[in-house]
Structures are given as C-alpha cells and as structure tokens.
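The values are calculated or read from the model by the stated rules, or taken from the named source; none is laboratory data. Everything numeric in this text was worked out from a predicted model, so none of it was measured. Ideal geometry is used to build each Cβ from the backbone, glycine not excepted, and the neighbour counts take in all protein chains shown.
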2 protein chains.
Amino acid sequence: MAEVEAGGDEGRCVRLNAKRAQELLADVDTVLFDCDGVLWRGETAVSGAPETLTALRARGKRLGFITNNSSKTREAYAEKLRRLGFGGPTGPGAGSEVFGTAYCTALYLRQRLTGLPTPKAYVLGSVALATELEAVGVSCVGVGPEPLQGDGPSAWLDEPLEPDVRAVVVGFDPHFSYMKLTKAVRYLQQPGCLLVGTNMDNRLPLENGRFIAGTGCLVRAVEMAAQRQADVIGKPSRFIFDCVSQEYGINPERTIMGKSH
Amino acid sequence: MAEVEAGGDEGRCVRLNAKRAQELLADVDTVLFDCDGVLWRGETAVSGAPETLTALRARGKRLGFITNNSSKTREAYAEKLRRLGFGGPTGPGAGSEVFGTAYCTALYLRQRLTGLPTPKAYVLGSVALATELEAVGVSCVGVGPEPLQGDGPSAWLDEPLEPDVRAVVVGFDPHFSYMKLTKAVRYLQQPGCLLVGTNMDNRLPLENGRFIAGTGCLVRAVEMAAQRQADVIGKPSRFIFDCVSQEYGINPERTIMGKSH
C-alpha cells in the first residue's frame, strides 16, 4: 500500500501537481484517509478536503476512512462525514466506508473471544465503543463515570467485580478515574484476561492547533499498573489495516493512503 | 550508602544472623527505611518490624523513613509510625525523621522556583502534598475532584487557567481525571513550566499481597500527553536521598538502607 504524504517520491516528500495526481490516481481503485487532523480538526473540515473527496467519488474511486478515534460508531462517523461535506452512503450500511477503532476492536474481540459462551469486556471508553462491541456479541460493563467508593485504597479493592470478564478494553474515556484504573488492574490479574487498547495516540488534534491528551496516555497508565502490554488495534498497528483489507478485498498495489505527519 | 536487602554481601543476598547484624550495626550511625511494603502494608505493620526499630532506637541509632508515597505530610507519617508501634519523636518537629515525596517535592520546588515572587503549582495530588508545598511558600491549585466541564473536548480547553503556574506536580491523586490531564498539558505548554513527578512506582502495596496502581501510572499519562519527561523526586532518583543527606549530614560509610525487593 503506497503511502502518500503530500506526495511521496522515493522517500522525499513532494507536493502532487495536477499531472502527477492524475497519473497516480489512474492506477488506483481505493483511497484510504486518516480522519482527525487530515479531513477535519474537531468540527471543522480541513480546507479543500471535502472537494477532493467529492472529486474522487466522481471518478469512481472507492474511499475508506480509517480513524484511531474510538469515540464514535461507524454510523456516527458516516453522519459526521456527511455533515462536514464529505458525502458518502446513507441509510442502512451507511458506516461501511468507516474503519474506526471502536468497530475494529469489536472485530478483534470477536476473533479472540470466539467460543466463549458469554464474552464480556470491562470497557474504559465511550458508549459508542460499547455499542460496537455489543453488536458482535461482547457484553460490556464499566462505561460511564465510576467514582471512588469507600474511604481509601483498601476499600477500593473491596468493590465487587463482574464475573466472566475476559478482556479489559481501553479507549477514549473522558470518565477515566482511579477507580477504573484499579478495577482494570484487578480484572487483568485474572488468568486469560486480555488487555486491548484502541490506539496509542498521545494527542487528539482539535481546531486551531489545539489538542487534548490522547487515548494512548490512558492505555499507558493501565499497562504500567498491570505490568502488561496492550494489544493495540489502531494505526500504526497492523490490525486496523487487516480489517480494511478483509472487508474491501484490497489490492495493495492499487490503493493509496493519505495520512497525517 | 550500603544497601541491605535482607543482608547484602558482595552482591549476594544473605540473611543477617545475630552476629553479622551486631557487626554491621557497630559501624553504623544511621539506618534508613523504606515504608510501604517494608515497615507496613496498608494499615498493618510488617511482623517484627516495630521490635527491630525499637531495638535500634535503644542502641542510639538515628532512624530515617524514606517513602515515595506522597499522600501524607511528614507529621501524618510520624503519627502513623507511632500508631503502628514504630515509636519516634512527638510534639513540634515530630516529622523530622520522615522523608516523604510530598516534603521532598516541596524542597525541590523551593530550589527550582527560587526568586519568583509568587511561585504557584498545579497539583495533581493530595491535600497533604499541597500542604507541604504551601509550607515552603508555593501556592497550590487543582487539589480535589475536577469533573469534566462543557459538552466535549473543545469545551474542556475553554476552562480558564490560573495565572503564574510555574510547575505541574503529579503525585498520588485519587481524583485523577481527564479534565486534570487536559489542564496539566495546557500548563506544560507554557514556557518554563516544570513537570515534577513525586515518584514512578507502578504499584502501591497494601495488606495481604493486594495493591493498587501507583503514582507512576499517572505521571506516565501526563508525560505522554505533554511529550516531556518529569523530574522525579522519589527513589530510585537521587533527589530524595540528597534531602536526607543534607538534613542528616549523612556519612555514607556509616549509613545503611533497608529496602524492599
């Protein structure tokens, strides 16, 4: 899969002119895009990006949207793409162009927890992440605020754990708390419990050069406490690309990926 | 400073017998101790530890207690030592045997922020940490719960920052939250703002082999988001030992340190 970073040329970074762009596209069926920081920042489309995508659609290229952000379902991303002027399918299956880490984490868990009668995950993450997991049959606990219970560290450990939790999933969790960190580590001490991180991004870019801490910061905290490394779903890990490959039947020779710096 | 781990002998780890212990102690003025996991686990004294310390005190040895835990002031530690049967001074100056990271972080900030008219720190940590900082003239903001404000990442960045914050201090903070992580990173983008971690322990040992996540997990999260390395106060960093050295006028040849594995 060729990676184009404002035009890649034997390792140098060059800007595509119209002619080179035409040549490049002639050999390509599928164009994959990063989202945050590439198509948009926060709720603002990057200048020129909607027009570029509209032109690609008009030329019959298949588009795919790859995002490490786990805070939205495929459908919610499809809605955002349309809202910001990037077009795309509507109705049932509207999310089929979108490969977000919420969806791909669900595919990963379906693969890894296969055969278990009642696969269950402790989710440090959004409702959207849980929604995608539930859609593949993984039931979710832990979403939402989880305040400290009891009057100190010892009491925090007395909180009951849910039975049959087979994975701890760490995504973008605005309600991250010490209590959740404590519970995550307790689940991870149980034999065979997976630790999955949606992505390791250190920052999430927003409008005007602003950013907030990324999910990777939370994954690192859990990894350090549990003394284990997470299985990571998002870029640059391979798994998210495997998801696209599998669903799109990608020919790497005829695919390009527009990505951020 | 010789380190004794159930008796150190040219790199091998041996248990001290009575004769060897006598010989060792004859050459020593000062004995320093780790606290969590060595003298106590949670609220339970390690078996035999109070008697050992009482014997050392009876032989005129000077004791020092070194702890990476930042959740108590020197005075509160002195009180805990007495409560668990380890003896020690009472009244004003009762905390003089204790070198905790709350106190030593205060010494570090006093050193680094010297000359500033109104040194101020954003503290992810306990009231105790703030108390030690305030005692050396560093005013503190941020202690306590800090829930999410506004309806999304962009809004979180609109929260006003305190002026004149010269350091972000990350200690044991049961109220750690995304909002605090976000604010910490915003302060750290300001020129000259220090990042200080009380310690990098991945776990805090409690009773019965139980543990919770340690402060290091929170420091790592802030480090990763800010893309900066923290100045670390606690063991194995040198600074905490420098504090002891300076206040005790330590002769390393005549000092031993009992530490955990």
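Residues that are among the aromatic types (Phe, Trp, Tyr) and at pLDDT below 95 are absent from segment B:178-195.
Taking (1) more than 19 Å from B:LEU148 (Cα to Cα); (2) within 13 Å of another protein chain (Cβ to nearest Cβ) in turn, A:PRO147 satisfies each apart from (1). Among residues of segment A:78-99 that are over 15 Å from A:VAL46 (Cα atoms), those with a beta-carbon under 7 Å from a residue that is among the aromatic types (Phe, Trp, Tyr) and outside any helix (DSSP H, G or I) at least six positions away or on a different chain give the pairs A:GLU97/A:PHE65; A:VAL98/A:PHE65; A:PHE99/A:PHE65.
Picking from residues in segment A:235-251 that are in a loop (DSSP other than H, G, I, E, B) and charged (D, E, K, R), the one that is nearest to the other protein chains (Cβ to nearest Cβ) is A:LYS235. The residue pairs whose first member lies in segment B:227-247 and is farther than 25 Å from B:LEU181 by Cα, whose second member is surrounded by fewer than 22 Cβ atoms within 10 Å (Cβ to Cβ) and among the basic types (Lys, Arg), and whose beta carbons are closer than 9 Å, counting only pairs six or more residues apart or on different chains, are B:PHE241/B:LYS235. Annotation note: Cβ proximity below 7 Å between a residue of segment B:149-163 that is without any contact (Cβ under 8 Å) to a residue 40 or more places away in the chain and a residue that is among the polar types (S, T, N, Q) (sequence gap 6+ or interchain) occurs for B:ALA155/B:GLN149; B:TRP156/B:GLN149; B:TRP156/B:THR182; B:LEU157/B:THR182; B:GLU159/B:GLN149. A single member of B:ARG82, B:ARG110, B:ARG74 is under 20 Å from B:ILE250 (Cα atoms) and of a type in the set (D, E, K, R), and it is B:ARG74. Answer yes if at least one residue in segment A:135-143 is over 20 Å from A:PHE239 (Cβ atoms), outside any helix (DSSP H, G or I) and out of contact with any strand residue (DSSP E or B) (no Cβ under 7 Å at 6 or more places or on another chain), and no otherwise. No, segment A:135-143 has no match at all.
For every residue, the table says whether it meets (1) in contact with a Ser or Thr (Cβ under 6 Å, 6 or more places away or on another chain); (2) outside any loop (DSSP other than H, G, I, E, B); (3) within 25 Å of A:PRO174 (Cα to Cα); (4) of a type in the set (S, T, N, Q).
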residue	(1), (2), (3), (4)
B:GLU159	no, no, yes, no
B:GLU162	no, no, yes, no
B:ASN199	yes, no, yes, yes
B:CYS217	no, yes, yes, no
B:GLU223	no, yes, yes, no
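Pairing residues of segment B:46-71 that are more than 12 Å from B:THR30 (Cβ to Cβ) with residues that are surrounded by fewer than 15 Cβ atoms within 10 Å (Cβ to Cβ), at Cβ distances under 6 Å and at least 6 apart in sequence or on separate chains, gives B:PRO50/B:GLY85. With respect to being more than 11 Å from chain B (Cβ to nearest Cβ), within 20 Å of B:VAL219 (Cα to Cα), of a type outside the set (Phe, Trp, Tyr) and in contact (Cβ under 8 Å) with a residue 12 or more places away in the chain, A:VAL170 fits the description.
Screening A:GLN190 on (1) in contact with a strand residue (DSSP E or B) (Cβ under 7 Å, 6 or more places away or on another chain); (2) not in a helix (DSSP H, G or I) shows it passes everything except condition (1).
I'd like to verify a number: residues in segment A:203-234 that are within 14 Å of the chain's Cα centre (by Cα) and either of a type in the set (Val, Ile, Thr) or at the interface with chain B (Cβ under 8 Å from one of its Cβ atoms) (or both), how many? Result for segment A:203-234: 8. One residue stands out in segment B:111-144 among those that are touching a helix residue (DSSP H, G or I) at 6+ places or on another chain (Cβ under 9 Å) and among the polar types (S, T, N, Q): the one that is surrounded by the most Cβ atoms within 10 Å (Cβ to Cβ), namely B:SER126. Within segment B:66-75, can one find any residue that is surrounded by fewer than 17 Cβ atoms within 10 Å (Cβ to Cβ) and either within 16 Å of B:LEU194 (Cα to Cα) or touching an Asp or Glu at 6+ places or on another chain (Cβ under 9 Å) (or both)? No: zero hits. Got at least one residue in segment A:21-37 being assigned to a helix (DSSP H, G or I), in contact with a helix residue (DSSP H, G or I) (Cβ under 9 Å, 6 or more places away or on another chain) and either loosely packed, with under 14 Cβ neighbours inside 10 Å or within 14 Å of another protein chain (Cβ to nearest Cβ) (or both)? Checked segment A:21-37: no residue is assigned to a helix (DSSP H, G or I), in contact with a helix residue (DSSP H, G or I) (Cβ under 9 Å, 6 or more places away or on another chain) and either loosely packed, with under 14 Cβ neighbours inside 10 Å or within 14 Å of another protein chain (Cβ to nearest Cβ) (or both). In segment A:105-118, the residues that are in contact (Cβ under 8 Å) with a residue 40 or more places away in the chain reach residues that are assigned to a loop (DSSP other than H, G, I, E, B) and β-branched (Val, Ile, Thr) with C-beta atoms within less than 6 angstrom, at least six apart or across chains, in these pairs: A:THR105/A:THR198; A:THR105/A:ILE233; A:TYR108/A:ILE233; A:LEU109/A:VAL138. Exactly one residue out of B:VAL138, B:VAL169 is more than 30 Å from A:GLU207 (Cα to Cα) and either aromatic (Phe, Trp, Tyr) or touching a Leu at 6+ places or on another chain (Cβ under 9 Å) (or both), and it is B:VAL138. Take the conditions (1) more than 22 Å from B:GLU146 (Cβ to Cβ); (2) within 13 Å of chain B (Cβ to nearest Cβ); A:LYS180 misses just one of them, which is (1).
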